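Below: the structure, in structure tokens.
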């Protein structure tokens, strides 16, 4: 079974039903629920997701939605080494560099994001747009 790190934008597309991205995000989460895929976020993404959910729909919505999400997806630890390697990666976007280091350290197969150009330097795992994930799984 493939293990994928879901970028913040994919989680928010699903949780907030953001169009025109919701359909692909929903397909990803359905595949996770069915057991055909393991989905993850990083510990550092949890606070970002909570903040953005709260900002758009209030604290109760953020708490409830995050609780529901954590039944479906798991959280990866961010280690000091990941931060160090991200800081010294030479990437312009520290967040993308950190997510990549955590994904590599955690043996993910891929990162799913709408921002694939931010991950051009990645060599050790696949970088997929949401629409490409289901075909990638061979379904």
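The values are calculated or read from the model by the stated rules, or taken from the named source; none is laboratory data. None of these values were measured; they are calculated from a predicted model. Cβ: placed from backbone, ideal geometry, glycine included. Neighbour counts: every protein chain shown.
Under the condition of being touching a helix residue (DSSP H, G or I) at 6+ places or on another chain (Cβ under 7 Å), touching a residue at least 12 places away in the same chain (Cβ under 8 Å) and surrounded by fewer than 19 Cβ atoms within 10 Å (Cβ to Cβ), the residues counted in region 92-105 number 2. Every residue in region 34-51 that is part of a helix (DSSP H, G or I) and either touching a helix residue (DSSP H, G or I) at 6+ places or on another chain (Cβ under 6 Å) or at positive phi (or both), please. Those that are part of a helix (DSSP H, G or I) and either touching a helix residue (DSSP H, G or I) at 6+ places or on another chain (Cβ under 6 Å) or at positive phi (or both): 45, 48, 49, 50. With respect to residue 72, determine if the residue is at pLDDT 95 or above, under 22 Å from residue 137 (Cα atoms) and within 12 Å of the chain's Cα centre (by Cα). Against the criterion (at pLDDT 95 or above, under 22 Å from residue 137 (Cα atoms) and within 12 Å of the chain's Cα centre (by Cα)), residue 72 does not qualify. Scan region 39-49 and give yes if some residue there is closer than 16 Å to residue 132 by Cβ and either surrounded by 14 or more Cβ atoms within 10 Å (Cβ to Cβ) or at pLDDT 95 or above (or both), otherwise no. Yes; the residues of region 39-49 include at least one that is closer than 16 Å to residue 132 by Cβ and either surrounded by 14 or more Cβ atoms within 10 Å (Cβ to Cβ) or at pLDDT 95 or above (or both).
Annotation note: Cβ proximity below 7 Å between a residue of region 117-129 that is closer than 22 Å to residue 25 by Cα and a residue that is assigned to a loop (DSSP other than H, G, I, E, B) (sequence gap 6+ or interchain) occurs for 118/93; 119/113; 125/108; 125/109; 126/109; 127/113; 129/114. Consider region 106-125 and keep the residues that are at pLDDT 95 or above and outside any loop (DSSP other than H, G, I, E, B). The one that is surrounded by the fewest Cβ atoms within 10 Å (Cβ to Cβ) is 110. Checked against (1) in contact with a helix residue (DSSP H, G or I) (Cβ under 9 Å, 6 or more places away or on another chain); (2) over 20 Å from residue 130 (Cβ atoms); (3) in a helix (DSSP H, G or I); (4) without any contact (Cβ under 8 Å) to a residue 12 or more places away in the chain, residue 68 meets all criteria but (2).
Considering region 126-139, and only residues there that are part of a loop (DSSP other than H, G, I, E, B) and modelled with pLDDT under 95, the residue that is nearest to residue 108 (Cα to Cα) turns out to be 137. Please indicate, with yes or no, whether at least one residue in region 50-61 is closer than 19 Å to residue 125 by Cβ and surrounded by 13 or more Cβ atoms within 10 Å (Cβ to Cβ). No, every residue in region 50-61 fails to be closer than 19 Å to residue 125 by Cβ and surrounded by 13 or more Cβ atoms within 10 Å (Cβ to Cβ).
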